[in-house]
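Only one structure is covered here, and it is reproduced in the block below.
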Amino acid sequence: NVYVTGSSFGSGSNTDYVTIKYNSEGVQQWVQRYNGTGNAQDNAYAIFIDVTGYIYVTGTSIGSGNDYDGATIKYNAAGVQQWVQRYSGPGNSTDSPSSIVVDGSGNVYIAGYSVGIGTSLDCLTLKYNSAGVLQWEKRYNGPGNTADNINSLAVDDSGNVYIAGFIGGSGTGNDGVTIKYNTSGVQQWMQTFNGPGNGNDNARSLALDADGNVYITGYSTGSTSGADFTTIKYNSAGVQQWLQTYNGPGNGEEDAYSLVLDAMGNIYITGYSAGSGTNLDCATVKYNTQGVQQWQQRYNGPGNGYDEARKITIDTAGNVYIAGTSRGLTSASDYVVIKYSQTIGIQTISNEIPSGYRLEQNYPNPFNPVTNIKFSVPKSGFVSLKVFDISGKEVSSLVSSVLNAGVYNYELDASGLSSGAYFYRLSTENFNEVRKMILVK
């Protein structure tokens, strides 16, 4: 099923929340609209579907006092509204949630910004329980006492809450910020970053891995290069492990909007980057768990104008997808979706045709964190090489493509996996074999 949310003009001249459910064939199942208490502008910005099928949306809604409140709604799978919660901050002005996450117990977390009293815009984080009752509210005002905002939000399995965005610094412009709260809303740590240019910096996207490491991406102002992609890894205690920047060939403005991790802990980011004679291009970069750049890909649309990637995701076969906008030949801006395939990690050892299919025992074994998997393919065809945990759950798809006859080696970097026993399986049209390997960290 596909769920979308946003805004739509109602019967008057103002917009309402609109949330729509389509089935897998694209047939509309239901539509729900929400008109706030002020009967004026209402705009939904984020949506989340939990494991039991409930749908949550959040955004801004003009209240009876003619100011923007945060408004969060829960629907069941049939589209029936379960509750609505509105939030009006102490400044009695604009409150704007932009991110929403729901944990396994049905607690709802939203984050964005809210006008304070004498503090301009403050970072805002709220937690509701499954019945919509507010559990806690956290506000943060940066040292510059100017505009602060949260762009991204995540919750780990223990109920710790992580937010990322920017705060007004003291003489440093806007600084990127990452904050961790425990399940009770008590701040555990906070980290900021200020680029070498001492200008504006911003954390736009955040992700967590299974070991509690925190990854953020966005931009920071360089000393001579304008804004650059900036990606940072923190450990669970908030200690910075590495920081990487990316400056495109145009040595101009870069801004990373979205970040995703694969099952092995590799990091993929996307956004826009100044090209050389190509204006702004979509730019996508992959790092390994140590922060070493693995590859970059750029896309310049047919109009040779402004191209901006805004979202990235990855499937179990390692294919990378980005979405955004691109300048067309005769249009100002078109939607663009790009798919990149990956063959990173696989090497052809020999083109000689082997006598049969064969899957070798990985070496070394046990290993930490890199091992080699050698296999033979006697004829051209589709080959799948996958890794499973001890419960049989697939944790990574290493190869999922057509290979020519030959002998191959896959160098597996399992930095993103926990210690334990794993199984790897080679599958073709006429062959299946499974072997066991041990990761010891």
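Before moving on, here are some points about what is shown:
- A single entry from Leu329, Leu280 fulfils the requirement of being more than 25 Å from Asp156 (Cα to Cα), at pLDDT below 95 and not assigned by TED's automatic domain parsing to the domain that holds Ser396: Leu329.
- Given (1) under 22 Å from Tyr140 (Cβ atoms); (2) buried (at least 18 other Cβ atoms within 10 Å of the Cβ); (3) small (Gly, Ala, Ser), index of the condition Gly212 fails: (2)
- For the range 64-88, filtered to residues that are surrounded by 22 or more Cβ atoms within 10 Å (Cβ to Cβ) and of a type in the set (Gly, Ala, Ser), the residue that is nearest to Asp122 (Cα to Cα) is Gly70.
- Residues being assigned to a loop (DSSP other than H, G, I, E, B), without any contact (Cβ under 8 Å) to a residue 60 or more places away in the chain and farther than 20 Å from Thr172 by Cβ - total across the range 186-242: 7
- Breaking point among (1) crowded, with 20+ Cβ neighbours inside 10 Å; (2) out of contact with any strand residue (DSSP E or B) (no Cβ under 9 Å at 6 or more places or on another chain), for Leu329: (1)
- Filter result for Thr316 (modelled with pLDDT under 95, more than 27 Å from the chain's Cα centre (by Cα) and among the hydroxyl-bearing types (Ser, Thr, Tyr)): no
- Scanning the range 360-391 for residues that are under 21 Å from Gly265 (Cα atoms), exposed (fewer than 14 other Cβ atoms within 10 Å of the Cβ) and in contact (Cβ under 8 Å) with a residue 24 or more places away in the chain yields Pro366, Asn368, Val370, Ile390.
- The range 67-172 holds strands (runs of 3 or more DSSP E) entirely within its bounds, and those carrying 3 or more residues that are within 28 Å of Val260 (Cα to Cα) and either outside the structural domain of Thr192 (by TED's automatic domain parsing) or of a type outside the set (Ser, Thr, Tyr) (or both) map to 68-75, 95-102, 108-115, 121-128, 134-140, 149-155, 161-168.
- When residues in the range 125-156 are screened for being within 16 Å of Ser184 (Cβ to Cβ), within 18 Å of the chain's Cα centre (by Cα) and not aliphatic (A, V, I, L, M), 1 of them pass.
The values are calculated or read from the model by the stated rules, or taken from the named source; none is laboratory data. The model shown is predicted, which means the values in this text are computed figures rather than measured ones. Neighbour counts are summed over all protein chains in view; Cβ atoms, including those assigned to glycine, are modelled from backbone coordinates with ideal geometry.
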